[in-house]
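Asker: The structure follows.
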Amino acid sequence: QFFVFCHGLLQLSQLLVSGYLKSSISTIERRYGLSSQTSGLLASFNEVGNTLLIVFVSYFGSRVHRPRFIGCGAILVSLAGFLMSLPHFITGPYEYDQSVANVFSNTTDLCEPGVTGLWGNLRNASCTPHAAKENHEVLLVMFIAQALLGIGGVPIQPFGISYIDDFASERNSPLYLGILFSVTVIGPGVAFMLGSAMLRFYIDIDKVTGDQVQLTNKDPRWVGAWWLGFLVAASLVALSAVPYFFFPREMTKEVSVFLSDFPLVLLRNLRHPVYLLVVLAQVNLSAMVAGLATFMGKFLERQFSLTASLANMIIGAVNIPGAMIGIVVGGAILKRFQMSLRQCSAMCVLGMFLCLLVAFPLLFLGCPTQKVAGITYSESSEFGHHTLECNLQCNCPEKAYNPICGSNAVEYISPCSAGCRVVNIDADSNSILNYTNCSCISENGFAGSAKPGTCGSGCSHLFLPFVVLSCLAGILASTSHTPSFMLILRSIQPEDKSFAVGIQFMLLRVLAWMPGPVLYGSAIDTTCILWEKKCDRKAACRYYDNNLFRQR
């Protein structure tokens, strides 16, 4: 029972490390200028190390000191977690465009006619060879950490489950495995809640004092302390790893299997039509779940103008518990009605069909992108030009990004592009109240004013129906989880069971969990309408076409 407790704790903290990355993905994109395709590849890269080893490890499972192997795997996972946070410590503080000269720079992004020199140096400042090199290092470290995370995770689940199944009594084994299974479902939920908590802190909480930070967490330039969560999760894993080095190897001799059977068993399972069809169905569903888990937070942030922290809170507190309820309900129905295989498959089909019906309206629940001058909106006919007539004399830099919302409800990408010449600061809190004397914003024929921050998509009224429907769709889809497993376990030869499940997980990894986030990320990238430029290469996306983002 102590082993079950330790294993639950270890699985939870391992999932914290891998799930936490998904909760902070939009933040890491913004901080290091990544496209969603790159961040999707990063999020699924841990599956690579995992897949390469999983089949052989499950195959040799009975011949090694399993607890010690689990312990070593956990140490690797913990190392990977610490490595993930390393980029924060090897790069300088986060820099963003500001309207007030401060410690970092004496350039501001107001409209200052006649000042050309200042903008020139801001434009090229961040483009030293060092900056480009730094960015490669960051990506390299993160990809290595993800690969290590995958490799370290290999022994944890298969060895833990087989160890428990070998030494627990027949009666208790299902209960113990049920406990572990529920932990693996709760894990990601806890990870999103952790993300929600950490992203409320400013990224450079350790490098700058509070009064130097002029951003609030509602600001589109805000970047939360994404690295903190990795430190927390990695420390937890390291703690959970300790007891494993003290568990006994203690084995009852199992019937040994030889490697020569490997291709035979593989073919026998892959030729089985029920097995193959159910696994393919699971692959389709899992690819969707993998893509959604990675980018759902980002979607909510953009579509409904939420903070990253709130988006994570919703996913961790609503969507994931919904999926758990579905899994439990599906299992309960199975048990209550003692279903045959045909009934199991009918139940899967029904669950999916209802899920489709409920999810269909989600295509329409959202709003177009807010009006952004020169990008999605133009008063004059020349559309798509960042230079508006009214700010020509301002000499605005192309890359300035400090969105403000004009009193005419149009968003401008910087105070300069709105032609604002004056910034008003609240003396007490050192925060910006508003910008005035803006030549591009006309108010009753006079130059108008603007507030800092984005105008928002004006979609908050659709947020509640969206959450309710997406949660319902999740509940309905996950009712098919247990019956689909039953279809697999009952339709193949008993002695192939553990191997068939191993193959199933490998296929899920290769065909769903790896490509899923990359495909979703690439699809999201195609809906971008303004890219941030870093050293002449595309970095993170500033604005998406919200309608296309939602539909794709």
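Asker: For VAL422, list long-range residues whose amide hydrogen, built 1.01 Å from N in the peptide plane, is under 5 Å from its own amide hydrogen.
Answerer: Here the answer is THR436, since their amide H atoms fall under 5 Å of that of VAL422.
Asker: Then there's this: With N residues in segment 185-248, what two-decimal value do you get for its Cα radius of gyration over 2.2 N^0.38 Å? Don't jump to the answer; show the numbers that get you there.
Answerer: On the way: Rg = 16.1 Å, N = 64, 2.2 N^0.38 = 10.7 Å.
Normalised by 2.2 N^0.38 Å, the Cα Rg of segment 185-248 equals 1.50.
Asker: Taking θ as phi - 60°, what are the ³J(HN,Hα) couplings along segment 411-424 by the Karplus curve (6.51, -1.76, 1.60), each to the nearest whole Hz, with x for Gly and Pro?
Answerer: For segment 411-424, the Karplus-derived couplings read 8, 10, 6, 7, x, 5, 6, 8, x, 6, 10, 10, 10, 10 Hz, x marking Gly and Pro.
Asker: Something else: Which values of log₁₀ I(q)/I(0), to two decimal places, follow from the Debye formula for the chain at q = 0.05, 0.07, 0.10, 0.13 Å⁻¹ with a uniform point scatterer at every Cα?
Answerer: Result of the Debye calculation: -0.25, -0.47, -0.87, -1.30.
Asker: I need the phi-derived Karplus couplings for segment 284-295: 6.51 cos²θ - 1.76 cosθ + 1.60, θ = phi - 60°, integer Hz, Gly and Pro marked x.
Answerer: Listing the rounded values in order: 4, 5, 5, 4, 5, 4, 4, x, 5, 4, 6, 10 Hz.
Asker: Can you list the lysines whose alpha carbon sits under 19 Å from that of LYS298, skipping same-chain ones fewer than 8 residues off?
Answerer: LYS22, LYS218, LYS538
Asker: Taking a 1.4 Å probe, which of ASP536, ASP206 shows the most accessible area, and what order do the others take after it? Intermediate results must be reported in sequence, preceding the final value.
Answerer: On the way: ASP536 150, ASP206 75 Å².
I get ASP536, ASP206, largest accessible area first.
Asker: Out of every Cα pair in segment 385-452, what percent are spaced more than 17 Å from each other? List each step's numbers first, then the result.
Answerer: Values: 834 of 2278 pairs.
In whole percent, the long-distance tail amounts to 37.
Asker: Residue by residue, what Karplus-based ³J(HN,Hα) values in Hz, rounded to whole numbers, does segment 64-70 have, using 6.51, -1.76 and 1.60 with θ = phi - 60° and x for Gly and Pro?
Answerer: 10, 7, 4, x, 5, 4, 4
Asker: OK, next. So what is the accessible area of segment 291-339 per residue, in Å², with the probe set to 1.4 Å?
Answerer: Values: 1970 Å² over 49 residues.
Averaged over the residues of segment 291-339, the accessible area is 40 Å².
Asker: Could you pull out which residues in segment 396-436 have an amide N less than 13 Å from a spot 7 Å beyond the Cα of GLU389, following the Cα-Cβ vector?
Answerer: Zone members listed by number: none at all.
Asker: Here's a follow-up. What are the residues whose amide H is under 5 Å from the amide H of SER305, where those residues sit 5 or more places off or on another chain and H is modelled from the backbone?
Answerer: SER457
Asker: Leaving ligands, DNA and RNA out of it, report the carbon-plus-sulfur percent of the accessible area of the chain at a 1.4 Å probe.
Answerer: Details: 16950 of 25590 Å².
The C+S portion of the solvent-accessible surface of the chain is 66 percent.
The values are calculated or read from the model by the stated rules, or taken from the named source; none is laboratory data. Since we're looking at a predicted model, the values are computed, not measured. Glycine gets a Cβ as well: all are built from the backbone with ideal geometry, and neighbour counts include every protein chain shown. Calculation scope for accessible area: heavy atoms of the full protein, side chains included, ligands and nucleic acids excluded. Shrake-Rupley method; radii C 1.70, N 1.55, O 1.52, S 1.80 Å.
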